[in-house]
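My questions all concern the structure below.
The values are calculated or read from the model by the stated rules, or taken from the named source; none is laboratory data. Computed from a predicted model, the values in this text were never measured in an experiment. Every residue, glycine among them, receives a Cβ derived from its backbone with ideal geometry; neighbour counts consider all protein chains shown. Please note that ligands, DNA and RNA were not included when accessible areas were found on the heavy atoms of the full protein model with its side chains. Shrake-Rupley method; radii C 1.70, N 1.55, O 1.52, S 1.80 Å.
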Amino acid sequence: GCSPPPVSPESLQGRWLNDEENSFLEFTPFGLCVEVKKNPDIVVARRYQLGGNTLNITALSGGPSQPESWTVRVEGPSLLLTRPSGSASYCIAPPGQGAAPLVGLWCHRRRRGGQIDYYEFTPWGDVISLIGPARETTPHHPPAAPPAVFSEWRRYRYDGHTLEAEGISVYKGRRHLFWFCTAEPDLLTFQVMAGGPEKKTLSWQFHRLD
């Protein structure tokens with residue numbers, strides 16, 4: 001039979017819903033594939049490379065540790081995905097509105113242990129977090145994030161001063177975030193007021209990778 005037409009990166013990017021499994025897949029502009037399942041809440045992050053109709057998949061947090069090959073077909077608002085565990089159909093979610101100053105891939109190097117955390121803010125208003133282990137990585141384009149200790153998914157809103165994000169994390173205290181945020185072209189500065197009698201202001205910075 002005839003081979004399906006190759007899938008363009010633009011047609012693949014976005015959030016794809018699977019109502020039967022109460023889950024969704026998200027493909028980002030910087031090569032992240034995030035699978036979110038609910039009840040129980042699970043976030044699995046992967047790196048993907050698209051070639052024609054084939055997705056080369058590498059696990060970043062959760063999921064099989066060995067690389068996998070998936071087959072994908074996009075027809076308008078529908079996506080058919082075939083992977084070793086089986087096939088499933090998805091429909092594209094209506095896009096939200098991202099905040100242009102935040103859109104892109106950012107990293108934060110922690111002072112202790114050399115850990116590197118990655119945040120990707122998508123144009124459609126989602127943010128994916130990879131909380132990294134204590135190891136180095138050399139970014140390329142698209143930057144390759146290392147395997148993560150855990151990953152998070154949220155929808156975000158930014159008004160130019162405050163970032164509010166709500167979604168799924170393994171830690172209950174991180175499911176809803178409210179941070180003061182200053183966005184410069186290559187630098188994000190977050191601030192939050194810590195609890196306790198001293199009322200300290202905590203501050204940390206993310207650097208743009210793209």
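How about segment 77-99: which of its residues are at negative phi, small (Gly, Ala, Ser) and free of Cβ contacts under 8 Å to residues at least 12 places away in the same chain? So that I can check it myself, show each step before the final result.
Residues of segment 77-99 at negative phi: 77-85, 87-99.
Imposing the further condition that a residue be small (Gly, Ala, Ser) reduces the set to 78, 85, 87-89, 93, 96, 98-99.
Ser85, Ser87, listed by residue number.
What are the residues in segment 18-36 that are more than 14 Å from the chain's Cα centre (by Cα) and surrounded by 15 or more Cβ atoms within 10 Å (Cβ to Cβ), if any?
Asn18, Ser23
Something else about it: Would you confirm, using the coordinates I've provided, whether Glu75 is open to solvent by 60 Å² or more (accessible area, probe 1.4 Å), over 17 Å from Gly167 (Cβ atoms), out of contact with any Asp or Glu (no Cβ under 8 Å at 6 or more places or on another chain) and at pLDDT 90 or above?
So Glu75 fits the description; yes.
For the subset of segment 102-128 comprising residues that are in a loop (DSSP other than H, G, I, E, B) and small (Gly, Ala, Ser), which member is most open to solvent (accessible area, probe 1.4 Å)?
Gly113
If you go through segment 183-210 one residue at a time, how many are without any contact (Cβ under 8 Å) to a residue 40 or more places away in the chain, touching a His at 6+ places or on another chain (Cβ under 8 Å) and of a type in the set (A, V, I, L, M, F, W, C)?
Within segment 183-210, residues that are without any contact (Cβ under 8 Å) to a residue 40 or more places away in the chain, touching a His at 6+ places or on another chain (Cβ under 8 Å) and of a type in the set (A, V, I, L, M, F, W, C) number 1.
Can Trp204 be described as closer than 30 Å to Pro40 by Cα, out of contact with any Lys or Arg (no Cβ under 7 Å at 6 or more places or on another chain), assigned to a strand (DSSP E or B) and open to solvent by less than 70 Å² (accessible area, probe 1.4 Å)?
no
Out of all the residues in segment 129-148, is one or more modelled with pLDDT of 95 or more, open to solvent by less than 20 Å² (accessible area, probe 1.4 Å) and closer than 19 Å to Phe30 by Cβ?
So far as segment 129-148 goes, no, none of its residues is modelled with pLDDT of 95 or more, open to solvent by less than 20 Å² (accessible area, probe 1.4 Å) and closer than 19 Å to Phe30 by Cβ.
Out of Arg83, Arg46, Arg15, report the one residue that is open to solvent by less than 50 Å² (accessible area, probe 1.4 Å) and either acidic (Asp, Glu) or at pLDDT 95 or above (or both).
Result: Arg15 is the single residue among Arg83, Arg46, Arg15 that is open to solvent by less than 50 Å² (accessible area, probe 1.4 Å) and either acidic (Asp, Glu) or at pLDDT 95 or above (or both).
Would you say Val72 is within 24 Å of Leu130 (Cα to Cα), in contact (Cβ under 8 Å) with a residue 40 or more places away in the chain and among the β-branched types (Val, Ile, Thr)?
Against the criterion (within 24 Å of Leu130 (Cα to Cα), in contact (Cβ under 8 Å) with a residue 40 or more places away in the chain and among the β-branched types (Val, Ile, Thr)), Val72 does not qualify.
Right, next: Going through segment 43-81 one residue at a time, which ones are touching a Ser or Thr at 6+ places or on another chain (Cβ under 8 Å) and aliphatic (A, V, I, L, M)?
Answer for segment 43-81, where residues must be touching a Ser or Thr at 6+ places or on another chain (Cβ under 8 Å) and aliphatic (A, V, I, L, M): Val43, Val44, Ala45, Leu55, Ile57, Ala59, Leu60, Val72, Val74, Leu79, Leu80, Leu81.
Mind checking which pairs have a first residue in segment 20-48 that is under 15 Å from Arg154 (Cβ atoms) and among the hydroxyl-bearing types (Ser, Thr, Tyr) and a second that is open to solvent by less than 80 Å² (accessible area, probe 1.4 Å) and assigned to a strand (DSSP E or B), Cβ under 8 Å, 6 or more apart or different chains?
Taking only residues 6 or more apart or on different chains, the pairs are Thr28/Val34; Thr28/Glu120; Thr28/Ile128.
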